[in-house]
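The values are calculated or read from the model by the stated rules, or taken from the named source; none is laboratory data. This structure is a prediction, so every number in the text was calculated from the model and none was measured. In this analysis, Cβ positions are derived from the backbone assuming ideal geometry, glycine residues included, and neighbour counts consider all displayed protein chains.
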């Protein structure tokens with residue numbers, strides 16, 4: 001999956017889930033993949049309570065949650081931990097390092113920056 005960072009609660013695309021001034025949290029692809037990876041890491045089964053948590057107020061139905069849990073043999077999530085080579089807004093390489101912003105004012109290092117998930121299907 002590409003652009004999984006758009007599912008991060010601090011990303012503007014995720015923010016479209018707002019109801020007035022409050023963000024109504026919902027399960028998106030990032031949340032589901034993190035949850036499934038976590039369940040696998042702690043050797044936990046996907047029980048009905050967890051399925052309900054992951055499919056209620058979610059982009060995924062219960063059947064889809066179950067299917068992803070059953071079919072995903074491995075989930076790897078990668079997050080950029082370095083500064084971009086250039087500003088995505090203006091193309092500049094002149095950054096205010098202390099402020100973590102480009103000279104044009106755009107943030108160059110945020111919590112919701114560049115994340116990718118690789119899901120290996122099968123056994």
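Residue 121 passes every criterion in (1) loosely packed, with under 11 Cβ neighbours inside 10 Å; (2) at negative phi; (3) free of Cβ contacts under 8 Å to residues at least 24 places away in the same chain apart from (3). When the helices (runs of 4 or more DSSP H) confined to segment 25-123 are screened for residues that are modelled with pLDDT of 95 or more, over 21 Å from residue 4 (Cβ atoms) and over 19 Å from the mean Cα position of the chain (by Cα), those reaching at least 1 such residues are found at 48-55, 62-71. So for segment 104-115 (the condition being within 29 Å of residue 43 (Cβ to Cβ), touching a strand residue (DSSP E or B) at 6+ places or on another chain (Cβ under 7 Å) and either loosely packed, with under 15 Cβ neighbours inside 10 Å or in contact (Cβ under 8 Å) with a residue 24 or more places away in the chain (or both)), does at least one residue qualify? Yes, there is a match, as at least one residue in segment 104-115 is within 29 Å of residue 43 (Cβ to Cβ), touching a strand residue (DSSP E or B) at 6+ places or on another chain (Cβ under 7 Å) and either loosely packed, with under 15 Cβ neighbours inside 10 Å or in contact (Cβ under 8 Å) with a residue 24 or more places away in the chain (or both).
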